[in-house]
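Trainee: Below: one structure in structure tokens.
The values are calculated or read from the model by the stated rules, or taken from the named source; none is laboratory data. What you see is a predicted model, and the numbers here were worked out from it, not measured in a lab. Here the Cβ is made from the backbone with ideal geometry for all residues, glycine too, and neighbour counts use every protein chain on show. The protein model used for the area step is the full one, side chains on, heavy atoms only, and it has no ligands, DNA or RNA in it. Shrake-Rupley method; radii C 1.70, N 1.55, O 1.52, S 1.80 Å.
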Amino acid sequence: MSATPKVAFIVEADCIGCARCLPVCPTDAIVGAPHFLHTVIADDCTGCKRCLPVCPTDCIRLVPRPANVPAPTEMAARWRRLYRAHRARLARASAADSHALTAQAQSFDIAAAVARARTRRHPTTGTPRT
Ligand code: SF4
Ligand code: SF4
């Protein structure tokens, strides 16, 4: 016998709007913005529980999938699409971070080179260059 399907439910009174639950949801089933209440789109929630451990106030509960929400078997194709979109977005964000880090590293190298050049002494006078 299979277990009863579940969905996440956010006890809004206890949600502090920290947004930690947003990036971990593989189907982007949680909506909200920093400092605002968050809520779960029950249709898109797979009941995977990934959001539970990241919540600092333990305000996310798993509850039985409501009767008016499509069954997981009906949602499978959509969940796959949502998951692919979620992964693609994470990959783009990661690439953007990587570009930013590379640019930062290059600017540090330039700054270090300038600093080194400034401390080098003039070849004929022996005084530090300014
Ligand atoms: S249980 Fe899984 S799918 Fe549902 S909201 Fe939490 S992370 Fe998203
Ligand atoms: S992790 Fe918990 S407290 Fe933070 S936004 Fe999500 S539900 Fe609200």
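Trainee: Determine the per residue accessible area of region 1-80 with all protein chains present and a 1.4 angstrom probe, expressed in square angstrom.
Mentor: With all protein chains present, region 1-80 gives 60 Å² per residue.
Trainee: Quick one: length gained pulling residue 96 to residue 68 fully straight, 0.36 nm per residue minus the C-alpha distance?
Mentor: Working: separation 28, 0.36 × 28 = 10.08 nm, distance 3.99 nm.
Value of the extension gain: 6.1 nm.
Trainee: Moving on. If region 43-91 were replaced by its equivalent ellipsoid, with semi-axes equal to the square roots of 5 times the Cα gyration tensor eigenvalues, what would those be, largest first, whole Å?
Mentor: 20, 19, 6
Trainee: Give me the one-decimal nm value for the distance between modelled label points at residue 54 and residue 33, 7 Å along each residue's Cα-to-Cβ direction.
Mentor: 1.9
Trainee: Once the Cβ-Cβ distance between residue 83 and residue 14 is put in as r, and R0 is 35 Å, what FRET efficiency do you end up with, to the nearest 0.05?
Mentor: Working: r = 28 Å, r/R0 = 0.80.
In this case the efficiency is close to 0.80.
Trainee: On to the next question. Mind listing the long-range amide H neighbours of residue 17? Cut-off is under 5 Å, sequence gap 5 or more, other chains count too, H placed in the peptide plane at 1.01 Å from N.
Mentor: When sequence neighbours closer than 5 places are left aside, the close amide H contacts are 38.
Trainee: Follow-up question, since we're still on this one. Quick check: with the 1.4 Å probe, what order do 87, 65 take by accessible area, largest first?
Mentor: Values: 87 140, 65 30 Å².
So the residues, ranked largest to smallest area, are 87, 65.
Trainee: May I ask you to list the trypsin sites (Lys or Arg not before Pro) in region 38-72 that are in a DSSP loop and have at most 16 other Cβ atoms within 10 Å of their Cβ?
Mentor: 49, 50
Trainee: Moving to a separate point now. May I ask you to list the residues of region 57-73 whose amide nitrogen lies under 19 Å from a point 7 Å from Cα along the Cα→beta-carbon direction of residue 3?
Mentor: Hits in region 57-73 for residue 3 at 19 Å: 59-67, 71-73.
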